[in-house]
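Heads up, the thing below is written out as structure tokens.
The values are calculated or read from the model by the stated rules, or taken from the named source; none is laboratory data. This is a predicted model, so every value here is computed, not measured. Glycine also receives a Cβ, built like all others from the backbone with ideal geometry; neighbour counts cover every protein chain displayed.
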Ligand SMILES: [Cu+2]
């Protein structure tokens, strides 16, 4: 038991050290990036890296734009690791990635393709409650001031007013790898219409955070 605990601690320290090193490398290139003129828009990256060195960061992390300018996020990873750009302006609207849903009628879930190494996750002891991906995390979605939910098309462009409760890019995949998650996106563009600081994070890696300051 003692040995296992020690091993866990060592592995944890190694992981934390690696994470700090990775973050430190990124911070150097993460000064605030300013949009240069009224027509310019900024391209930002959600994630990056490859299978052995995955980057769970937004780069640039802090962006400054003028009212009316926009920011487009993409995912430059070489592997199909999804990320989201998620603005939670009302704390009550945080959306989980997966959530339980009841299936009132008997339904059989078949994997696609049938040979896939997959099966629906059912709540133990409850055959008609499945755990499924939350569409408000997976797909581009907005919850407005009144609480009305709107799903946007993949690769959405959205004009943020600042009164929304929740704005989510949906899962962003590297171009060419979006088929790994049907219906997902490769870009998300936001036009900022109101001055303020807009913090956002990745719904899949909540420690990934960024901000857009609008002047
Ligand atoms: Cu992420």
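So how many residues does segment 111-127 have that are over 17 Å from residue 180 (Cα atoms) and exposed (fewer than 10 other Cβ atoms within 10 Å of the Cβ)?
2
For every residue, the table says whether it meets (1) within 28 Å of residue 35 (Cβ to Cβ); (2) within 16 Å of the ligand (Cβ to nearest atom).
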residue	(1), (2)
127	no, no
168	yes, yes
206	yes, yes
213	yes, no
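When segment 128-159 is examined, which residues are found to be over 24 Å from residue 176 (Cβ atoms) and either out of contact with any strand residue (DSSP E or B) (no Cβ under 8 Å at 6 or more places or on another chain) or not in a strand (DSSP E or B) (or both)?
If the condition is that a residue be over 24 Å from residue 176 (Cβ atoms) and either out of contact with any strand residue (DSSP E or B) (no Cβ under 8 Å at 6 or more places or on another chain) or not in a strand (DSSP E or B) (or both), then 128, 134, 136, 144, 145, 146, 147, 148 are the ones that fit.
Quick test for you: out of 148, 122, pick the one residue that is free of Cβ contacts under 8 Å to residues at least 24 places away in the same chain, in the same structural domain as residue 212 (by TED's automatic domain parsing) and farther than 21 Å from residue 186 by Cβ.
None of the other options fit; the residue is 148.
For segment 81-99, enumerate the residues that are surrounded by fewer than 17 Cβ atoms within 10 Å (Cβ to Cβ), within 16 Å of the ligand (Cβ to nearest atom) and part of a loop (DSSP other than H, G, I, E, B).
94, 96, 97
With the condition kept exactly as written, say whether any residue in segment 152-161 is in the same structural domain as residue 56 (by TED's automatic domain parsing), within 16 Å of the ligand (Cβ to nearest atom) and in contact (Cβ under 8 Å) with a residue 24 or more places away in the chain.
No, that holds for no residue.
Here is a list: 204, 173, 152. Which entry is surrounded by 14 or more Cβ atoms within 10 Å (Cβ to Cβ) and over 27 Å from residue 91 (Cβ atoms)?
So the residue among 204, 173, 152 that is surrounded by 14 or more Cβ atoms within 10 Å (Cβ to Cβ) and over 27 Å from residue 91 (Cβ atoms) is 173.
Report the residue count in segment 170-204 for those that are away from the ligand (no atom under 14 Å from the Cβ) and assigned to a strand (DSSP E or B).
Matching residues across segment 170-204 total 9.
Which one of these is in the same structural domain as residue 205 (by TED's automatic domain parsing) and farther than 30 Å from residue 192 by Cβ: 179, 108?
From the options 179, 108, the qualifying one is 179.
For segment 44-76, how many residues meet the condition of being part of a loop (DSSP other than H, G, I, E, B), within 16 Å of the ligand (Cβ to nearest atom) and either touching a helix residue (DSSP H, G or I) at 6+ places or on another chain (Cβ under 6 Å) or farther than 18 Å from residue 138 by Cα (or both)?
6
Based on what the data block shows, is residue 184 assigned by TED's automatic domain parsing to the domain that holds residue 50, under 15 Å from the mean Cα position of the chain (by Cα) and under 17 Å from residue 212 (Cβ atoms)?
no
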